[in-house]
Structures are given as C-alpha cells and as structure tokens.
Amino acid sequence: MKKNKTGGARRKAMTKTITFSIAAYNAEKTLGKCLDSFLSLKNKAAVEVLIIDDGSTDSTAAMAERYEKDNPELFKLIKKENGGHGSTINTGMQKARGKYFRPIDSDDWVSPSTDKIIEEIGGKDFDSIVCDFLINHLKDGKEETHAYSFLEGNATHSFSSREDWPSTFPYHSIFYKTEILRKNKIHFEEKCFYEDSEYTLYPLPFCESFFYINKPLYVYTLGSSEQSVSFRNVVRHIGNQEKILEKLFDFFTRYEKTDKNVYYRKRIFEVLNFYYKATMQKDWYEDRSMQERKKTFFERLEKINSGLFLSYVGETKLRKIQHLTNYRIDWLIAKIYNFLKRK
C-alpha cells in the first residue's frame with residue numbers, strides 16, 4: 001500500500017455511498033438473482049458491489065466476470081482462497097470504496113426500497129444504520145416484513161437509550177460506516193459458521209448511535225436445507241456455534257461496565273436462545289452424548305461470565321429447573337417443552 005507524505009497509509013477514496021459485499025461460494029444457482037437486484041437500482045452510481053468469490057469450484061467466478069464486464073462501474077469480482085463467510089466480510093471491508101459497508105449473502109438480495117434508503121443516507125454521516133428486512137420463505141414464496149415498530153423511523157437512536165429492548169438487530173438489519181470498521185481493526189472469525197453474530201456486536205463499542213430507516217433493504221431467504229440455521233446444520237456445525245458464543249461471552253465481559261451493556265446482553269441472549277432451542281429438539285435430547293455436550297458447554301459459559309449466564313438461565317422457569325438439576329433430566333424437560341409448545 002502506498003504511503004502519503006506524512007507517512008500514513010493512503011486509504012481508498014470513499015467515492016460511493018455504500019459498498020455491498022457479496023459472499024459467494026459455489027453460488028452459481030443463486031448469484032444471478034442477487035446481482036440482478038442491484039441492476040434494478042436507479043442510483044447505481046452511488047453503489048459498489050464487490051463479489052467475493054471464496055474459492056468456488058463451480059461457475060460462480062465465470063458468472064461474476066460476465067456481470068463485471070457488462071457493468072464495470074457497479075460490479076467488481078475479487079477472487080480469493082476459501083476462508084469461509086467471515087473471510088469474505090474481512091476482505092470486502094478492506095477493498096470497499098463506499099462510505100457505508102453492507103455484506104450480503106449470495107442467496108439473498110436487496111429490496112426495491114434500497115434506492116430510497118441510499119437517497120436517505122447519501123451525504124449524511126451515521127456510525128451505523130438499521131433498516132427493516134424482508135424474509136422470503138422458500139416453502140411458499142411468501143415475504144414477511146421484520147420491522148421495529150418500537151422505534152421512530154428516519155431518526156437517530158442510541159444503543160444505551162433503553163432498559164427494555166423488545167428485540168435487537170440481527171445481521172440482516174444493521175450495517176456500519178466503513179471507516180469505523182477499518183479504524184478499529186474489526187475482524188470476524190474465518191473458516192467458521194455463525195460469525196454473523198460477531199458482525200452484529202463487535203463494531204458497537206465504536207458506534208455512538210444508529211439511524212433507523214423503517215424501510216426494508218435486505219431480503220433474507222429462509223427455508224433452504226443448506227443454510228447454517230437449519231437444524232441439521234446446527235448439529236453438524238455445533239462446535240462453530242459454541243466457539244462463537246464463547247467469544248460473545250468474552251466480548252460482554254470486556255464491555256460489561258459500559259452504558260450499552262443492556263443491549264449487548266439482549267443480543268447475546270437472542271443468539272444463545274437459538275442454540276438452546278436446538279438442544280430441545282428430539283434428535284438432540286434423545287442422544288445422551290449431545291445432552292452431555294450441552295451440559296459441558298453451559299458450564300464453560302458460566303465460567304466465562306457467571307452473571308451473564310445465570311441471568312439467561314433465570315429468564316424462564318424451565319431453564320432454572322434444568323440448571324438446578326444439572327441437566328440430568330433434560331430429556332424429560334425437553335419432552336414437556338415440546339408438548340406445551342404444540343398446545
């Protein structure tokens with residue numbers, strides 16, 4: 001990297017309003033729909049789309065090259081060795097020319113209201129931006145809007161302003177100013193699933209506020225058996241999920257005494273709850289080795305931050321009973337849980 005006259009590294013000029021970084025690995029079946037959604041934008045001049053080919057072995061790179069050739073001012077292909085989803089975000093952050101940075105998965109796309117969102121943030125300065133998002137259900141093709149009705153739209157809010165967050169902002173809702181990510185050397189776990197939970201937390205200590213736009217930008221596809229959130233893959237990659245949760249507990253321990261700790265706690269509990277619900281499924285609780293794994297993992301979390309873990313346990317009577325019985329009758333509690341859920 002070239003140096004400027006003062007000896008500092010010269011950063012890429014932020015010539016775009018927003019950079020979208022597409023994580024693409026063997027994505028030949030879905031990438032076209034994703035990229036076509038950007039071709040539908042009216043204000044393409046404000047947008048940069050980086051297609052990060054993560055060592056694909058199919059025709060992903062060839063497809064991306066065609067889009068880049070036809071629209072070189074919009075699309076840019078970056079080839080790299082396989083390093084996992086987190087590595088594509090890390091690469092995109094360093095290559096971005098947009099003031100704001102928004103990762104997108106190759107089986108998702110942007111909504112028609114993206115133009116209005118770009119217009120809203122253009123020329124303005126926000127640490128982070130939160131938008132509504134759409135969930136596209138593959139099973140029936142229906143779209144569901146995930147909105148934040150407890151927030152005033154088109155307004156700036158603080159992460160430390162509430163004691164009762166009804167929900168926090170997942171990967172599909174929030175994005176950040178590129179400068180904040182670079183300046184603070186934000187880095188996400190590579191060769192690991194579920195690092196999108198890190199994305200929702202690690203930049204926040206350096207964000208004074210967020211601007212909420214009550215329009216959807218991200219369209220999230222749900223229902224594919226290949227997704228990491230499917231139960232089969234949760235079990236398959238359980239070690240990755242446990243690794244990320246331990247890192248989130250470490251994160252909370254570092255920032256526990258800050259004014260955003262209520263938000264951090266809520267976000268981590270939402271991530272932990274995903275793991276917890278998986279352990280209550282039949283395929284899990286009927287496997288003695290998986291029951292023991294859950295018990296051992298929860299002991300590790302309690303060791304990292306007992307206050308945080310016991311606060312999570314104390315949220316429901318069911319978790320309290322499981323903890324008090326040292327998870328010895330987990331199979332019975334899980335059966336009761338699933339029976340009550342069906343009623």
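Per-structure values
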read-out: Amide H contacts under 5 Å for residue 77, placed H, 5+ residues apart; value: 51
read-out: Using θ = phi - 60° and Karplus 6.51 cos²θ - 1.76 cosθ + 1.60, couplings along the stretch 105-112 (whole Hz; Gly, Pro as x); value: 7, 6, 9, 10, 7, 9, 7, x
read-out: The chain: DSSP helices with Cα axial extent of at least 24 Å and average Kyte-Doolittle hydropathy no lower than -1.0; value: 238-255, 261-279
read-out: Separation of alpha-carbon centers, the stretch 189-222 and the stretch 133-180, rounded to whole Å; value: 9
read-out: Derived scalar couplings ³J(HN,Hα) [the stretch 187-202; Karplus, 6.51 cos²θ - 1.76 cosθ + 1.60; whole Hz; x for Gly, Pro]; value: 9, 10, 4, 10, 6, 7, 7, 6, 6, 4, 5, 5, 4, 7, 10, 4
read-out: Theoretical FRET efficiency, 1/(1+(r/R0)^6), r = Cβ-Cβ of residue 158 and residue 79, R0 56 Å, to 0.05; value: 0.90
read-out: Computed over the chain, Kirkwood Rh from alpha-carbon pairs, angstrom; value: 21.5
read-out: Average accessible surface area per residue within the chain, 1.4 Å rolling probe, Å²; value: 49
read-out: Whole-Hz couplings from phi, Karplus 6.51/-1.76/1.60, listed for the stretch 157-173; x for Gly and Pro; value: 10, 10, 6, 10, 8, 10, 9, 9, 5, x, 7, 10, 10, x, 3, 7, 9
read-out: Gain upon complete extension [residue 254, residue 190; 0.36 nm per residue less C-alpha separation]; value: 20.9 nm
read-out: Additional length obtainable on full extension of the chain from residue 138 to residue 338, 0.36 nm per residue less Cα span; value: 69.5 nm
read-out: Fully extended contour minus Cα-Cα distance, from residue 277 to residue 145, at 0.36 nm per residue; value: 45.2 nm
read-out: Pairwise FRET efficiency - residue 262 versus residue 304, Cβ, R0 = 22 Å, nearest 0.05; value: 0.70
read-out: Contact order relative to length of the chain, as percent, for alpha carbon pairs under 8 angstrom and 6 or more apart; value: 16
read-out: Under-5 Å amide H pairs with residue 132, H placed in peptide plane, nonlocal only; value: 213, 215, 217
read-out: Antiparallel content of DSSP bridges confined to the chain, in %, to 5; value: 35
read-out: Solvent-accessible surface (1.4 angstrom probe) belonging to residue 14, in square angstrom, nearest 10; value: 80
read-out: Compactness index (Cα Rg / 2.2 N^0.38 Å), the stretch 291-343; value: 1.17
read-out: Over 21 Å between alpha carbons, listed pairs 142/177; 243/303; 76/99; 29/99; 183/266; value: 142/177; 29/99; 183/266
read-out: Loop trypsin sites (Lys or Arg not before Pro), the stretch 97-130 (other Cβ atoms within 10 Å of the site Cβ: 15 or fewer; DSSP); value: 124
read-out: Under-5 Å amide H pairs with residue 159, H placed in peptide plane, nonlocal only; value: 210
read-out: DSSP-defined beta bridges in the stretch 1-149 - what % are antiparallel, rounded to 5; value: 20
read-out: Cα-projected label distance for residue 269 with residue 39, points at 7 Å along beta-carbon direction, nm; value: 4.6
read-out: Label point distance in nm, residue 208-residue 28, each placed 7 Å from Cα along Cα→Cβ; value: 5.0
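The values are calculated or read from the model by the stated rules, or taken from the named source; none is laboratory data. Not measured: the values here are computed from a predicted model. All Cβ positions, glycine included, derive from the backbone under ideal geometry; neighbour counts span all protein chains shown. Just so you know, the surface numbers come from the protein's heavy atoms only, side chains and all, with ligands and any DNA or RNA stripped out. Shrake-Rupley method; radii C 1.70, N 1.55, O 1.52, S 1.80 Å.
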